[in-house]
Structures are given as C-alpha cells and as structure tokens.
Amino acid sequence: MDIARLVTGLAAAVLAVAVQSPHLRAQVRLADETDRLAFTAWFTFLADAQFYRHTPDVTDCAGLVRHAVREALVAHTPDWHRRAALPISPPFADVRTRVQPRPDGWPLFRVSDTRYAEFADARTIIGLNARKLGRDAAALRPGDLLYFQQEGQRAPDHVMVFVGPSQFDRANQDWIVYHTGPSDSGPGEVRKTRLADLLRHPAPRWRPSAANASFIGVFRLAWL
C-alpha cells in the first residue's frame with residue numbers, strides 16, 4: 001500500500017471525527033456574549049484589514065486566521081494602534097477575557113489533547129478548534145470560516161474568513177477575505193470577494209456549495 005496515501009487517509013479520518021465532535025475544547029474562553037461580540041468585531045476587522053495593509057506574519061490562509069485571533073485578544077492601546085498602522089481605528093470594545101502569552105508564544109489553538117500553541121495549520125484550526133455548522137453558506141455569520149480541501153494540491157486545506165459587513169467597504173454585507181497561499185509563482189496574496197461572487201466562481205471547486213465535493217463546510221471557532 002502507498003504509505004503517503006495511507007497517512008493522508010488516516011489524517012482525514014482523524015479530521016472527520018474531530019469536526020463532528022460536539023464537545024470541542026478551546027484554550028480561548030470568552031466570558032459572555034459581550035466578549036463574543038467584541039472578539040468577532042475585532043477578528044473580522046483584522047482579517048479584513050490584511051487586504052488593505054499586509055503584515056509579514058500572514059503568509060497563508062491559516063496565518064490570516066492566526067493573526068486575526070491573536071490580535072483580537074490583546075489590549076488595543078494607543079501603542080498597539082501605532083504599531084498596527086491600521087487604515088482606520090474602529091470603535092470596538094476590547095475583549096475582557098484574555099489569553100496570557102508564554103515564553104514560547106500564545107497558547108491560542110489546541111494542537112493535541114494536552115497541548116495548545118500559537119501555531120496551527122488550517123486542518124488543525126478546523127479539526128480541533130472549530131465546529132461544523134453544515135455545508136449551506138446561508139449559515140454563515142461574521143467570523144465563520146469556509147473550509148475547502150483541494151485534493152491534488154501541495155497544500156490541499158484552505159480556509160476563508162467570512163467578514164460580512166466591512167468597515168472598509170459598506171456597499172455590501174457578504175464580504176470574504178482569504179490568503180491564496182504561496183505557490184511556485186510567488187508568495188501569494190490576501191484577496192477579498194463577496195459570497196455572492198464566490199458562489200459563481202468560474203472554477204466550481206471554489207464554490208461554497210453542497211454540490212461541490214471540495215467544499216467541506218461552514219465552521220465556527222469553538223469559543224464563539
């Protein structure tokens with residue numbers, strides 16, 4: 001038997017069990033609905049902002065999620081705003097319940113049964129730190145993730161962030177941002193599109209539709 005194919009199959013099986021579990025644990029604990037709303041506002045804003053000003057830590061789709069999660073949870077002091085150099089300063093309240101950094105980074109994402117870390121790839125974010133809502137894009141709410149598996153690609157797992165209404169472009173209510181990831185032709189880039197346009201994507205494998213086998217579904221971060 002092809003060992004690479006066996007490993008891929010086992011990883012997919014683990015993922016399938018994880019995404020169906022109704023009792024996911026997460027290192028991030030938000031105290032109440034006020035904190036959940038504050039986190040969602042910052043998370044979607046910071047993901048969206050990457051389209052307008054890029055930071056070097058965002059090099060792929062999972063990096064976009066990691067960046068937005070981490071920065072959504074910090075205190076947004078005047079010094080933070082100066083360093084972030086955002087195009088606009090949103091009037092959002094801060095999340096009151098924060099994860100404290102460790103010498104080896106922020107313990108944000110569950111990466112095993114007993115370990116949390118700042119780094120998690122797309123499959124780990126989805127499999128161990130989010131819950132599946134189904135495969136109907138109508139279920140999307142701001143802060144949710146769209147997850148695709150493009151078999152045959154070097155990096156088959158891909159996540160997009162559903163922003164919904166954008167602080168930068170108020171003309172529509174269904175914005176999505178994502179990083180294309182690196183390829184042989186370059187480092188990739190952050191892109192922004194509407195859900196309505198993605199549903200009509202010229203390549204059917206990128207349409208968030210139940211008819212598309214590559215679209216695994218809509219996921220929500222476990223702490224929301």
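Working only within region 181-201, note down all residues that are touching a helix residue (DSSP H, G or I) at 6+ places or on another chain (Cβ under 8 Å) and surrounded by fewer than 17 Cβ atoms within 10 Å (Cβ to Cβ).
To start, the set of residues in region 181-201 that are touching a helix residue (DSSP H, G or I) at 6+ places or on another chain (Cβ under 8 Å) comprises 181, 190, 192, 195, 198-199.
Correct list: Leu199 only.
Residues of region 57-85 being under 20 Å from Tyr178 (Cβ atoms) and part of a helix (DSSP H, G or I), which ones? Explain how you work it out, then say what you get.
Step one: filter region 57-85 for residues under 20 Å from Tyr178 (Cβ atoms), giving 57-72.
Passing the criteria: Cys61, Ala62, Gly63, Leu64, Val65, Arg66, His67, Ala68, Val69, Arg70, Glu71, Ala72.
So, in region 101-135, of the ones that are basic (Lys, Arg) and surrounded by 15 or more Cβ atoms within 10 Å (Cβ to Cβ), which residue ends up farthest from Gly63 (Cα to Cα)?
So in region 101-135, the residues basic (Lys, Arg) come out as 102, 110, 115, 123, 131-132, 135.
Restricting the remaining residues to those that are surrounded by 15 or more Cβ atoms within 10 Å (Cβ to Cβ) gives 110, 123, 131-132, 135.
On the way: Arg110: 15, Arg123: 12, Arg131: 19, Lys132: 20, Arg135: 23 Å.
The selected residue is Arg135.
Between Leu46, Leu15, Leu37, which is more than 14 Å from Trp223 (Cα to Cα), modelled with pLDDT of 95 or more and either touching a helix residue (DSSP H, G or I) at 6+ places or on another chain (Cβ under 8 Å) or assigned to a helix (DSSP H, G or I) (or both)? Steps first, answer last, please.
Numbers: Leu15 fails: modelled with pLDDT of 95 or more; Leu37 fails: more than 14 Å from Trp223 (Cα to Cα).
Exactly one of Leu46, Leu15, Leu37 is more than 14 Å from Trp223 (Cα to Cα), modelled with pLDDT of 95 or more and either touching a helix residue (DSSP H, G or I) at 6+ places or on another chain (Cβ under 8 Å) or assigned to a helix (DSSP H, G or I) (or both), namely Leu46.
So which residues in region 190-221 are among the small types (Gly, Ala, Ser), in a loop (DSSP other than H, G, I, E, B) and either at pLDDT below 95 or under 14 Å from Leu146 (Cα atoms) (or both)? Spell out the reasoning first.
Applying the first criterion (among the small types (Gly, Ala, Ser)) to region 190-221 yields 196, 203, 209-211, 213-214, 217.
Subsequent filtering for residues that are in a loop (DSSP other than H, G, I, E, B) retains 203, 209-211, 213-214.
Result: Ser209, Ala210, Ala213, Ser214.
For the condition in contact (Cβ under 8 Å) with a residue 40 or more places away in the chain and farther than 18 Å from Gln149 by Cα, what is the one hit in Pro187, Pro182? Full working, then the answer.
Working: Pro182 fails: farther than 18 Å from Gln149 by Cα.
The unique qualifying residue is Pro187.
Keeping to region 147-169, report how many residues are among the aliphatic types (A, V, I, L, M) and surrounded by fewer than 23 Cβ atoms within 10 Å (Cβ to Cβ). Can you show your working first?
Restricting attention to region 147-169, the residues satisfying the condition of being among the aliphatic types (A, V, I, L, M) are 155, 159-161, 163.
Subsequent filtering for residues that are surrounded by fewer than 23 Cβ atoms within 10 Å (Cβ to Cβ) retains 155.
Residues meeting the conditions: 1.
The values are calculated or read from the model by the stated rules, or taken from the named source; none is laboratory data. No experiment lies behind these values; they were computed from the predicted model shown. Neighbour counts are summed over all protein chains in view; Cβ atoms, including those assigned to glycine, are modelled from backbone coordinates with ideal geometry.
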